[in-house]
Amino acid sequence: MSLARHIIFLGAPGVGKGTQAQRLSQYLRLPHVSTGDMLRASVQSGSELGRRAAAVMDSGALVSDDIVMDIVAERLTLQDALAGVIFDGFPRTVHQANALDQLLQHGGSQIAAVLHIVLDDEEIVERLSGRRVCPVCGAIYHVRYHPPRVSGVCDQCGAALLQREDDQPEVIRKRLAVYQAETAPLVAYYHDRPAYHRIDGDGAADEVFARIVEAVREKG
Ligand code: AP5
């Protein structure tokens, strides 16, 4: 049996992790594992976990490491994760990164690439303020940069698009501050590993994707 080779997208809120992770998932045929999407699905299901996560997420803070590690560990046991997954928004703290290393060591799998997307805060705010998402299939749009064919309607499944609760200006500011305090230290955590790659997130989504494909190919 071959080892799982996982890919991690790292970067501030709004740099394009979800957009690029969805593309790379199709390109490499590996599942897209977004902890944000999984937590939002729990919130929608009305589960106990979802109720606990909802208030935290709407405020822009991070959900507890224990909850996140539980949902990730469970996700990795599914059959489709055996060859590897594309993590989006995970790990998000040094504690989560350590826990992931231990989990992978036990399972004999490894991190094939850490794709750190970088972008100016000004552009991040512009991207998040105009974001619209499909609550049914998860497609991501932007009112200006990537509008749907019919305003407010998902191209892929026809559902009504929504603005995320945490895409309000004051919550965006909080999320950026939380990123600096809790997640930015992960850059130092991964920086010296051969898997680490810094990706310029500026430019059209196609251009950024081309940089990502190049980086992933380099990592073999
Ligand atoms: P999560 O859902 O992970 O959100 P995030 O990290 O804040 O990232 P975003 O989804 O906001 O941005 P993105 O980088 O994916 O950008 P996107 O591609 O959408 O987390 C939400 C919350 O869940 C957290 O705050 C926390 O509470 C909790 N959580 C999740 N994971 C956790 C964890 N591991 N630990 C603890 N808590 C956790 O793009 C943004 C916009 O830009 C879109 O409109 C898109 O169309 C547009 N766009 C993308 N690329 C381009 C481009 N190249 N040019 C122009 N526009 C572009």
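The values are calculated or read from the model by the stated rules, or taken from the named source; none is laboratory data. Since this is a predicted model, take the numbers as computed values, not measurements. Every residue, glycine among them, receives a Cβ derived from its backbone with ideal geometry; neighbour counts consider all protein chains shown. All accessible areas refer to the heavy atoms of the entire protein, side chains included, with ligands and DNA or RNA removed. Shrake-Rupley method; radii C 1.70, N 1.55, O 1.52, S 1.80 Å.
For the reader, a short list of remarks on this structure follows.
- Whichever residue in segment 31-52 is open to solvent by less than 40 Å² (accessible area, probe 1.4 Å) and in contact with a helix residue (DSSP H, G or I) (Cβ under 8 Å, 6 or more places away or on another chain) and, among such residues, is farthest from G201 (Cα to Cα): G50
- Looking only at segment 77-102, and only at residues there that are buried (at least 20 other Cβ atoms within 10 Å of the Cβ) and not in a loop (DSSP other than H, G, I, E, B), the one that is farthest from the ligand (Cβ to nearest atom): I86
- Of all residues in segment 131-159, those that are within 25 Å of S59 (Cβ to Cβ) and touching a strand residue (DSSP E or B) at 6+ places or on another chain (Cβ under 7 Å) total 8.
Listed here are the residues, each with its yes/no results for (1) at pLDDT 95 or above; (2) closer than 19 Å to I117 by Cβ; (3) among the hydroxyl-bearing types (S, T, Y).
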position: C137; (1), (2), (3): no, no, no
position: L161; (1), (2), (3): yes, no, no
position: R164; (1), (2), (3): no, yes, no
position: Q168; (1), (2), (3): no, no, no
position: T183; (1), (2), (3): yes, yes, yes
position: V187; (1), (2), (3): yes, yes, no
position: Y190; (1), (2), (3): yes, yes, yes
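- Scanning segment 1-53 for residues that are among the hydroxyl-bearing types (S, T, Y) and either without any contact (Cβ under 8 Å) to a residue 40 or more places away in the chain or within 7 Å of the ligand (Cβ to nearest atom) (or both) yields T19, S34, T35, S42, S45, S47.
- Looking only at segment 201-220, and only at residues there that are of a type outside the set (K, R), more than 10 Å from the ligand (Cβ to nearest atom) and open to solvent by 30 Å² or more (accessible area, probe 1.4 Å), the one that is farthest from A97 (Cα to Cα): A210
- The listed residue being hydrophobic (A, V, I, L, M, F, W, C) and under 19 Å from Y190 (Cα atoms), out of V94, V33: V94
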